[in-house]
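The numbers here are math on the coordinates, done by the rules we state, and not lab data. Being a predicted model, the structure only gives us computed values, none of them experimental. Methodologically, a virtual Cβ is constructed for each residue, glycine included, from the backbone with ideal geometry; neighbour enumeration extends over all protein chains shown.
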Amino acid sequence: MGKWGFVITMLAIISLASCNIDDNGDTPELIIDPVEVGLEKPTATTVLSLSNAPIIDGSDSTEPLRNLLMCRLLGIDCQWLQHLETDGTWGIVPQWQSLSDEDNTTLQRILQNRNTHSSFVSLIDGDDDIIITARDISRDEQKYADEKDVALLSYPIAKDAFAFIVNPKNPVHNLSIAQIQKIYTGEIRNWKEVGGNDAAINPYVRNPNSGSQEKMETIVMAGLTMIDWPEMVGYVMLAPYYQLANDENGIAYTPFYYYNTIVNDERTQVIGVEGIVPSKQTIENDSYPYVTHVIASVRADIDKSSTAYQLFYQLAIGQHSDIVKESGYIEHK
């Protein structure tokens, strides 16, 4: 590790959090004090404007949240639109026509969308000011940060889930964790072994360092070696949807928010894990096995008076939870 020999991760946050049980004896709510985990208060309070707004970047799946956040804070109109002319996905689009050419150019510079891995690299390199991603820093990215003598401050700001999807014609609607692991290690190769049709399973994967692949390897496979299927690799977020649309015997994985909010069509069907289907309710109450977090990150050496740090701190303390919920994500508590 370099001179910044620390990174505030989700694990550290959870371990330092306290619980508050209400008078009715309901499930304890996680109360997180950013100061307890080393977050300093900003040294300045600045009104955000196009002239001082930070460059914000992140995962493909968090683009609606990032766009909505900056539009709301900058007072720019935006709306949900379906990109019918390209891929049919849904997104939050600023009303560019309401801006001058100069402001339009500035906003386009502020709202980056390089994808998960590239946004971490750009943050480490100093090209981004703040990123919002569907996962924390990966092993390769951490190695790169160490080589650059850079550490990050990261904090969970919303909840999501890691979901498994199949073709709607596939009769399998639930798998156990063990079954999923065995499918992706190659021990289970036929759907009839898990209650489906007598057909070979086509297990689709994502490219290395993508947000989905990193989650699959760390939270699902948990150290198990995935079989090498180069022909099954998808290199963009929509790849699993294109692959499964024409393959009744395939299985793939994706962030639930991307499936439910951004794609939102009938090409694929989400399945349950251990009998629990991912939904806003099962994510909010943590009953779904693979609940994940959306993470905001900045460099640890950031100027504490900068608008980037002010925005990061505001997100960490839940000041913009209304915007998080408006985007369709589940508030992190």
Practice task
Please return the longest stretch of the chain lacking exposed loop sites, where chymotrypsin sites (Phe, Trp or Tyr not before Pro) count only if DSSP places them in a loop and at most 15 other Cβ atoms lie within 10 Å.
Solution key: 7-234
Fill in the blank from the handout: Per-residue ellipticity at 222 nm attributable to helices in the chain (runs of n ≥ 4 DSSP H, -39500 (n - 2.57) apiece, nearest 500 deg cm²/dmol) works out to -7500 deg cm²/dmol
Problem - Histogram of C-alpha separations across the range 161-284, 5 Å bin width, % - result: 2, 11, 23, 27, 23, 11, 2, 0
Completion exercise
When the chain is treated as a Gaussian network with springs between alpha carbons less than 10 Å apart, the largest mean-square fluctuation among Leu68, Leu238, Leu123 is found at Leu238
Problem - Ellipsoid equivalent to the chain - semi-axes via the Cα gyration tensor, in Å - result: 34, 23, 20
Exercise for the section: With N denoting the number of residues in the range 80-196, provide Rg(C-alpha) divided by 2.2 N^0.38 Å, to two decimal places. Expected result: 1.53
Handout entry: the range 53-104 shape via C-alpha gyration tensor axes, a/c threshold 1.5
Key = oblate
Exercise for the section: Sort Val324, Val291 so the one with the fewest other Cβ atoms within 10 Å of its own Cβ comes first. Expected result: Val291, Val324
Practice task
Counting only C-alpha contacts under 8 Å and six or more residues apart, can you give the relative contact order of the chain as a whole percent?
Solution key: 26
Practice task
Could you work out the relative contact order of the range 161-284, using alpha carbon pairs under 8 angstrom and six or more residues apart, expressed as a whole percent?
Solution key: 44
